[in-house]
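Report on one structure; see the data block that follows.
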Amino acid sequence: MDFPPAPDIAGTSLSGTKPYTISAEENRQLCASINATPATDGTAHPIYYYIATQVGMGQTVGGLCAVCDFDVEVGPMMAGSQVVFSRPLKTGQPYNVTGSIKSITRKKSRKLGVMDLMVYDLSLSLPDGTLVLTTTNSWVLPRRELA
Amino acid sequence: MNINIGDALTPFIIESVSPESMKDWAVFLADPNPIHLDPEVVKAKGLGDRVINQGPTNVAYIINMLHNSFPGGTIEELDSRFLDNVYGGDRIETFGNVTDVKQVDNNTRISCEIGLRVDGRGDVISGTATVVVSN
């Protein structure tokens, strides 16, 4: 290995500071943008698992990149996203976001050169602590300057 | 609902991915990354010559397929691996098939392989999903 190690950021908290609420109007707009019919029972489109955790976590996308010592302008890339739902998402319901960076691993890729693979976990819970979902996302952060 | 291992899921198709909807998703995601908004930025980064669809939007297409294939079902798990980009103007089609069916209490738990394909470029997402349907 002829490049410096990835920053030591595993364990960094990504918990949000205020609840995230899915707006019924935004849910309608989102469904319209992907040719989906909004539910009539207050259930939000499940893709809000990603949106609610990303927007409600304690960092912006740029802020999370900065924690990784990575310039957001270079462009993070999604490598994977997993979610386990305990219950459906609802519009108008405040959700708390908690989570942290799980790992960051620096490696050499044939396609991208040197890159970091950053993995983070986030959970959505009701205000009384009831778990709604957990998600694990992984991003590729190209480190061309180290190639 | 009669569901069997090997059944194909109902494909969800977008004939032409809209650059306009990427502007909406930049707001939904609170992520104004210009690769989703400005083709000149995509060109400058050497990533192509059209705007790049947000990854979560591509996952949403797969969720639409699960909803259409199992009406009234609830997604329990979804695991997506991103293999390549979807660009503005691409024709996309989701695909999937049932890999396991289990009866649990009064529910049917259906496991699936899922994915998303772009015309002319092949698979851009692959993964698995589990959906629960009340009997």
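No value in this document is a laboratory result; all are computed from the given coordinates. Predicted model only: the values in this text are computed from it and were never measured. Neighbour counts are summed over all protein chains in view; Cβ atoms, including those assigned to glycine, are modelled from backbone coordinates with ideal geometry.
For this structure, a couple of remarks:
- Label point of B:Asp79 set 7 angstrom out along Cα-Cβ; within segment B:118-132, amide nitrogens under 13 Å from it belong to B:126-130.
- Partners for B:Lys43 among lysines (Cα-Cα distance below 27 Å; same-chain residues under 8 apart left out): A:Lys107, A:Lys108, A:Lys111, B:Lys23
- Within segment A:15-54, backbone nitrogen closer than 20 Å to the virtual label 7 Å beyond the Cα of A:Thr105 toward Cβ: none
- For B:54-66, mean number of other protein chain Cβ atoms within 10 Å: 5
- Summing charges over neighbours of A:Lys111, with a neighbour being any other residue whose Cβ is under 12 Å away from its Cβ, gives +3 when K and R count +1 and D and E count -1.
- Seen from A:Ser125, the other residues with C-beta closer than 14 Å to its C-beta sum to a net charge of +1, counting Lys and Arg as +1 and Asp and Glu as -1.
- Per residue, the convex hull spanned by the Cα atoms of the protein assembly as shown amounts to 137 cubic angstrom.
- In the elastic network of chain A, a GNM with C-alpha springs shorter than 10 Å, the most mobile of A:Ile22, A:Ile34, A:Ile51 is A:Ile34.
- With the convex hull drawn around the C-alpha atoms of segment A:20-146, the volume per residue stands at 116 Å³.
- Helix B:19-28 axis, angle to chain B major axis (alpha carbon atoms, nearest 10°): 70
- Within the listed set B:Gly46, B:Gly55, B:Gly122, the residue fluctuating most in the Gaussian network model of chain B (springs between alpha-carbon atoms under 10 angstrom) is B:Gly46.
- All other residues whose Cβ lies under 15 angstrom from that of B:Asp119 are scored, Lys and Arg at +1 and Asp and Glu at -1, for a net of -1.
- For segment A:72-143, the fraction of alpha-carbon pairs in successive 5 Å shells from zero, as %: 4, 15, 20, 19, 14, 11, 9, 6, 3, 0
- Spacing of the two label points (7 Å from each Cα toward its C-beta) at B:Lys45 and B:Val104, in nm: 3.8
- Note on B:Ala30 and B:Ser16: their simple-model spin labels are 3.4 nm apart, each label 7 Å out from Cα toward Cβ.
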